[in-house]
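One structure below.
The values are calculated or read from the model by the stated rules, or taken from the named source; none is laboratory data. As the structure is a computational prediction, the values presented were derived from the model and not from experiment. Quick reminder, even Gly has a Cβ in these numbers, built from the backbone with ideal geometry, and neighbours come from all protein chains shown. The accessibility values were calculated without ligands, DNA or RNA, using every heavy atom of the protein model including side chains. Shrake-Rupley method; radii C 1.70, N 1.55, O 1.52, S 1.80 Å.
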Amino acid sequence: MQRQDMAPAWAGALAGLTAGAVALGVARLVAGIAGPETFPVVAVGDVVVDLTPPPVKDFAINAFGANDKTVLVGGVLVVLAVIAAALGIAARRRPVAGDAGLLAFGAVGVLAVLTRPGAGITGVLPTVVGVAAGVWTLRLLERRARLHPAPAEEPAVLAGAGEAGFRGEAGAGEAGFRGDGGAGEDGGPSGVERPVVMRPGASAAGGFDRRRLLTGVASGVVVAGAATVLGRVLSDRQAVDTARGGLALPAPATPAAPLPAGTDFRISGLSPFTTRNRDFYRVDTALVVPQVNPRTWRLRVHGMVDRPIEMTFADLLKRPLTEADITLTCVSNPVGGEYIGNARWLGVRMADVLREAGLQSGADMLLSTSADGFTCGTPVDVVMDGRDALFAVAMNGEVLPVDHGFPVRQVVPGLYGYVSATKWVVDVKVTRFDRDEAYWTPRGWAAKAPIKTQSRIDLPRQGATVRAGRTTVAGVAWAQHTGIDAVEVRVDRGEWRQARLAAVPGPDTWRQWALDWDATPGRHTIEVRATDAAGRTQAEQGAPPAPDGATGWHTITVQVS
Ligand SMILES: Nc1nc2c(c(=O)[nH]1)N[C@H]1C(S)=C(S)[C@@H](COP(=O)(O)O)O[C@H]1N2
Ligand SMILES: [Mo]
């Protein structure tokens with residue numbers, strides 16, 4: 001005869017499955033840190049592959065093709081699910097059976113992980129923590145599913161049911177399923193009062209707390225799912241780091257000429273001509289930096305083209321690469337601000353790809369999209385006019401850093417970043433400005449935004465105290481793709497004096513400038529303005545960054561003593 005306090009088999013199976021899912025989810029999460037190969041399902045799968053006789057392996061590869069790994073892992077999961085359900089059913093009678101079963105699985109997982117080449121002791125953590133979570137979950141669910149005081153035939157017995165019930169008959173040492181008073185302390189809709197109105201025969205369905213079990217199962221499923229997703233994200237990050245570390249950069253077909261002598265005055269406190277990657281400003285909308293694996297990356301070029309293109313990262317690297325020094329600037333940069341940096345980029349010329357795709361007449365916008373959905377609208381004529389607009393893969397001789405758009409980003413000299421420099425770019429739609437809108441346009445920023453000629457004083461710093469006598473005033477000026485022709489400085493609104501200019505490799509970078517100043521004691525105001533190669537001198541009139549870039553002269557005050 002079935003014990004009165006035993007939940008139905010399906011409840012046990014559900015508890016077992018949930019416990020199994022939590023165990024795997026938690027293991028997956030920990031494997032996100034310890035390494036995906038330490039996830040026990042993968043480790044067991046790898047062992048199975050190693051132990052499989054070659055003919056069977058060949059059969060599997062023939063039968064399932066490239067999906068053989070997926071089929072294998074799927075198979076392992078199905079077997080695990082069946083066993084987890086069976087454990088849950090068995091645990092209704094003997095909770096220890098559930099624990100023992102889970103522990104046995106843990107042992108298999110630990111063995112599998114440890115036999116993997118290069119396995120470390122930390123590799124067992126996902127299995128151990130996962131099994132612990134599974135045991136805990138199973139016990140919790142069993143307690144939740146536990147049968148309430150037996151609805152006996154005679155109502156008389158029911159009077160004391162809340163206190164007594166089956167607790168008296170439960171073995172003292174047995175925990176979990178029958179260990180503590182689920183029914184007594186519950187008071188829920190199917191609590192002690194309920195059995196009074198229950199009819200004999202209703203016990204199988206209504207005697208255990210179905211609702212408490214199901215809410216427990218739902219919580220377990222949520223925990224398992226969240227842990228799995230988070231574990232995957234962490235593993236993706238590792239995979240991308242590994243892929244990035246393993247890449248070798250092809251040599252450029254069109255290398256940049258060595259920097260001319262004198263591009264960098266090497267004055268301490270002055271921005272170096274080339275910004276180191278780790279010092280390069282970062283601006284994007286990504287809360288979590290997209291992790292894009294170069295193995296699965298694709299670039300789609302479509303829209304108003306004759307021949308849409310889809311290419312892999314390997315396809316991209318096979319194309320002739322161009323190297324160029326380009327200064328990137330953010331439209332949000334206030335006058336005197338830090339959102340600017342200069343690097344040597346390596347990439348495929350966007351114009352080459354677009355020409356191959358065949359631009360249709362009437363197209364005037366490239367709507368590029370990043371892996372995280374950010375979009376950017378770039379004028380077609382700018383990209384096609386011969387400048388070094390690139391799908392860049394490297395920055396200062398290093399594979400593109402993840403923060404700066406790995407594996408591929410756009411760089412277009414002369415345009416603010418938000419209309420040109422899409423990081424993690426995966427899609428370019430050739431379209432029209434009157435048909436499409438990029439991310440920042442409806443948010444109050446101009447649809448088109450060429451960089452405005454600007455200059456900045458780096459030295460001395462705003463508010464600094466300077467020793468009287470000869471001192472250096474220095475900074476950078478930029479007018480990308482036009483070039484800087486002159487920089488002038490004035491002190492206390494006196495005469496403008498010409499600063500000396502550093503050499504530049506071309507019009508697409510910023511330009512250092514410097515000036516000697518005989519500082520006299522007191523408070524002084526220093527202003528700077530640049531004139532670009534088109535003869536335009538920076539306007540004095542100040543304007544905020546929105547909607548298309550700040551204007552005004554950078555002005556600082558210093559104390560000379
Ligand atoms: N995917 C993506 N790309 C993006 C952005 C973004 O938010 N998302 N911001 C742009 C802006 S506003 C600028 S200024 C540059 C900054 O590039 P950096 O972070 O490499 O300096 O990236 C551009 N590319
Ligand atoms: Mo920006």
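May I ask for the percentage of alpha-carbon pairs in the chain that lie more than 45 Å from each other? The calculated P(r) of the chain puts 44 percent of pairs beyond 45 Å. Pairs of Cα atoms nearer than 8 Å and 6+ residues apart set the relative contact order; for the stretch 454-560 it is 34 percent. Sites counted here are GluC sites (Glu not before Pro) in a DSSP loop (not H, G, I, E or B) having no more than 16 other Cβ atoms within 10 Å; the longest part of the chain that contains none of them is 1-152. Charged side chains reduced to their Cβ positions (Lys and Arg at +1, Asp and Glu at -1) give the chain a dipole of some 380 debye around its Cα centre. Within the shell defined by Cβ-Cβ distances under 13 Å, the residues around Ala314 carry a net charge of +2, with Lys and Arg each +1 and Asp and Glu each -1.
The trypsin sites (Lys or Arg not before Pro) found in the stretch 460-521 that occupy coil by DSSP, while having at most 16 further C-beta atoms within 10 Å, are Arg461, Arg467, Arg493.
Beta bridges per DSSP, both residues in the chain: antiparallel share near 90 percent. Here the stretch 454-560 has 46 percent of its accessible surface on carbon and sulfur atoms, given a 1.4 Å probe and all protein chains in place. Whole-Hz Karplus values for the stretch 72-85 come out as 4, 4, x, x, 4, 5, 5, 4, 4, 5, 4, 5, 4, 4 Hz, taken residue by residue from phi with 6.51 cos²θ - 1.76 cosθ + 1.60 and θ = phi - 60°; glycine and proline positions read x. What the phi angles of the stretch 409-417 give under the Karplus curve with 6.51, -1.76 and 1.60, with θ = phi - 60°, is a coupling list of 9, 8, 9, 10, x, x, 10, 4, x Hz, glycine and proline written as x. Distances between every pair of Cα atoms in the stretch 374-418, grouped in 5 Å steps from 0 to the bin holding the largest one, split as 5, 20, 30, 23, 15, 7 percent. Summing charges over neighbours of Asn293, with a neighbour being any other residue whose Cβ is under 13 Å away from its Cβ, gives +3 when K and R count +1 and D and E count -1.
Close amide H contacts of Val408 (hydrogens built in the peptide plane, cut-off under 5 Å, sequence separation of 5 or more or a different chain): Trp424, Val425. Take the chain with all the other protein chains still there, run a 1.4 Å probe, and you get 46 Å² of accessible area per residue. Here the spin labels are modelled as points 7 Å beyond Cα on the Cα-Cβ line, and at Asp352 and Leu103 they lie 6.4 nm apart. Taking each residue as 0.36 nm, the span from Val82 to Ala543 lengthens on full extension beyond its C-alpha to C-alpha distance by 159.2 nm. Tally up the carbon and sulfur contribution to the accessible surface of the stretch 277-443 as a whole percent, 1.4 Å probe, everything protein left in place. It is 48 percent, rounded to a whole number. Entry note, the chain: relative contact order of 12 percent, from Cα contacts under 8 Å with a spacing of 6+ residues. 3J(HN,Hα) along the stretch 438-444, derived from phi through the Karplus expression 6.51 cos²θ - 1.76 cosθ + 1.60 where θ = phi - 60°, amounts to 8, 3, 7, 4, x, 9, x Hz, with x in place of Gly and Pro.
Amide H contacts for Asp364 (H built 1.01 Å from N in the peptide plane; partners 5 or more residues away or on another chain; cut-off under 5 Å): Thr431, Arg432, Phe433. Taking amide H atoms as placed 1.01 Å from N in the peptide plane, the amide H of Ile451 lies under 5 Å from those of Leu415, Tyr416, each 5 or more residues away in sequence or on another chain.
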